[in-house]
Amino acid sequence: MRYLIGGLAAATLVGLSSVLVYGPGSQLQHSWIEPLFWALIASGALMSLFEHTVRCKLCALRDRISGGSGSCSEAACLAG
């Protein structure tokens with residue numbers, strides 16, 4: 001979740017700084033601002049998804065190696 005919030009915060013900073021530097025409507029004149037805005041949001045979402053997937057796989061691997069029968073809680077994972 002922290003990656004998603006970080007991506008949203010970074011996109012907000014890029015959007016605000018582009019308005020402060022270039023003025024309102026700068027997305028029409030500078031074509032790199034909008035793709036960067038959406039890329040920051042998407043990268044935060046992808047990193048959040050990737051972290052969750054890796055954490056679950058590491059917990060399953062730890063249970064398989066140790067022979068434990070209980071399921072991992074997310075707080076007790078190796079990745080955390």
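Filtered by the rule that a residue be part of a helix (DSSP H, G or I), loosely packed, with under 13 Cβ neighbours inside 10 Å and under 26 Å from the mean Cα position of the chain (by Cα), the stretch 29-40 gives 35, 38. If the condition is being of a type in the set (A, V, I, L, M, F, W, C) and touching a helix residue (DSSP H, G or I) at 6+ places or on another chain (Cβ under 9 Å), then the stretch 14-27 contributes 14, 19.
Summed over the stretch 41-75, residues that are at pLDDT 80 or above, touching a helix residue (DSSP H, G or I) at 6+ places or on another chain (Cβ under 7 Å) and over 30 Å from residue 14 (Cβ atoms) total 0. Might you check whether a residue that is of a type in the set (S, T, N, Q), in a helix (DSSP H, G or I), in contact with a His (Cβ under 8 Å, 6 or more places away or on another chain) and modelled with pLDDT of 85 or more occurs anywhere in the stretch 5-28? The answer is yes, given that some residue of the stretch 5-28 is of a type in the set (S, T, N, Q), in a helix (DSSP H, G or I), in contact with a His (Cβ under 8 Å, 6 or more places away or on another chain) and modelled with pLDDT of 85 or more. Among the residues of the stretch 7-26, those identified as among the small types (Gly, Ala, Ser) and more than 14 Å from residue 38 (Cβ to Cβ) are 9, 17, 23, 25, 26.
Applying the set (1) touching a Phe, Trp or Tyr at 6+ places or on another chain (Cβ under 7 Å); (2) surrounded by 15 or more Cβ atoms within 10 Å (Cβ to Cβ) to residue 10 leaves exactly one unmet item: (1).
The values are calculated or read from the model by the stated rules, or taken from the named source; none is laboratory data. Keep in mind it's a predicted model, so treat the numbers as computed, not measured. Positions of Cβ are generated from backbone atoms using ideal geometry, with glycine treated the same way; all protein chains shown enter the neighbour counts.
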